[in-house]
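Asker: My questions will all concern the structure given below.
Every read-out reported here was derived from the displayed coordinates using simple, explicitly stated rules and does not represent laboratory data. Keep in mind the model is a prediction, meaning the values are calculated, not measured. Note: ideal-geometry Cβ built from the backbone for every residue, glycine included; neighbour counts use all protein chains shown.
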Amino acid sequence: MIELPTPENPFRIGTRASPLAMAQAHMAAAALIASHGIDMTALEIVPMTATGDRIQDRALAEVGGKALWTRELDAALDAGTIDIAVHSLKDVETIRDARFFLGAMLERADPRDRLVVREGIAAATIADLPQGARLGTSSPRRAAQVKRIRPDLETVLLRGNVATRLAKIAGGDADATLLAAAGLDRLGMHDVGVVQEASLLLPAASQGAIGIECRTDDAVTLTLLAAIDHPPTHRAVAAERAFLAALGGDCRSPVAAHAYWRDDGTLRLDAEIFSDNGAEHAAGHVLVTDSDAAASLAHRLLGEAPESVRSLFAA
């Protein structure tokens, strides 16, 4: 029997301070309460501003990549000032420090993107946007996918949290943008944007998944997290992240990967890798029947891809 946290010795949940990250931290807290009967006064949410949140005028690939989302939380977790860190897994590096362990993933939300357009534009999909429209994004994946579908579109840098990006679209900084459906739903924005089917825009690896890390040597917290882990999500997202690891890509590499459970109980992984401008790509899928399946798909796509694509990956 593990000793549960108390108001006098609270369990500290680290998170970025953005509205979406805070919503996800509250979801983690609710899961712990439901699974263990922990009193909510025994849980303390500890928000902090990530470096990535402070830099708004440049693509993160230019100034440090995904580590800018995790640096502050990693330092707090390592120092013992928080017990767990709650992450949008899409923003977490594929290869993590051995001091930290991904102890749980909550059940995944909708992994797809939604298209959001400024007032006066009627478009349900990328294909409907006006000739030469400007689509704002900081994602190499989204930029390459958009260019592949519509080479005439201009992609412009658009950074910030959800509210900031929506305000920039309303203000005319761009004509449209793509936002994760999961994030919008978690913020209660269920009617914002139009879902783009995965057959048109394959999602990013880990999109829609919330990951919870703790210190690898913290046996009590590992036990607490095991009870709130959602194994189907964990297996699917692990396959996507294994695919990324085998590619050797970084945050500059345009790549999409989505694993999902089929009606027959098998796990299928779909993936695409692109050139910067989306003009060339390689795509494929595999049934994830063993631990090597995702890596095998990565190596196959790299072998099939033209040099303009292969050069963006280190494998």
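Asker: Express the relative contact order of segment 113-196 as a whole percentage, based on alpha carbon pairs under 8 Å and six or more residues apart in sequence.
Answerer: On the way: 125 pairs, mean separation 38.3, N = 84.
The normalised contact order for segment 113-196 reaches 46 percent.
Asker: What's the longest uninterrupted piece of the chain once you rule out the trypsin sites (Lys or Arg not before Pro) that are loop residues per DSSP with at most 16 other Cβ within 10 Å? Present the calculation step by step, with values, prior to reporting the outcome.
Answerer: Values: sites that count: Arg58, Arg96, Arg99, Arg252, Arg262.
Here the longest run is 100-251.
Asker: Just want to confirm a number: the relative contact order over the chain, from Cα pairs under 8 angstrom separated by 6+ residues, in percent.
Answerer: Working: 639 pairs, mean separation 62.1, N = 315.
Relative CO of the chain lands at 20 percent.
Asker: Antiparallel versus total DSSP beta bridges in the chain: what percent is that, nearest 5? Kindly include the intermediate steps, with their values, before the conclusion.
Answerer: Working: 33 of 46 bridges.
Looking only at bridges with both residues in the chain, the antiparallel portion is about 70 percent.
Asker: Would you indicate which of (1) 119; (2) 157; (3) 137 is the value of volume of the Cα convex hull per residue in Å³ derived from the coordinates of this structure?
Answerer: Here volume of the Cα convex hull per residue in Å³ agrees with entry (3).
Asker: Same structure, new question: Would you mind giving the average projected area, over all directions, of the Cα convex hull of segment 239-315 in nm² with one decimal? Can you show the working numbers first?
Answerer: Numbers: hull surface 18.8 nm².
If you wrap the Cα atoms of segment 239-315 in a convex hull and average its projections, you get 4.7 nm².
Asker: Can you sort Ile95, Ile33, Ile273 from fewest to most other Cβ atoms within 10 Å of each residue's own Cβ? Don't jump to the answer; show the numbers that get you there.
Answerer: Working: Ile95 9, Ile33 15, Ile273 28.
Ordered from fewest to most neighbouring Cβ atoms within 10 Å, Ile95, Ile33, Ile273 come out as Ile95, Ile33, Ile273.
Asker: Given points 7 Å out from each Cα along the Cα-Cβ axis, report the Asp97 to Ile33 separation in nanometres with one decimal.
Answerer: Taking the two extended label points, one gets 3.1 nm.
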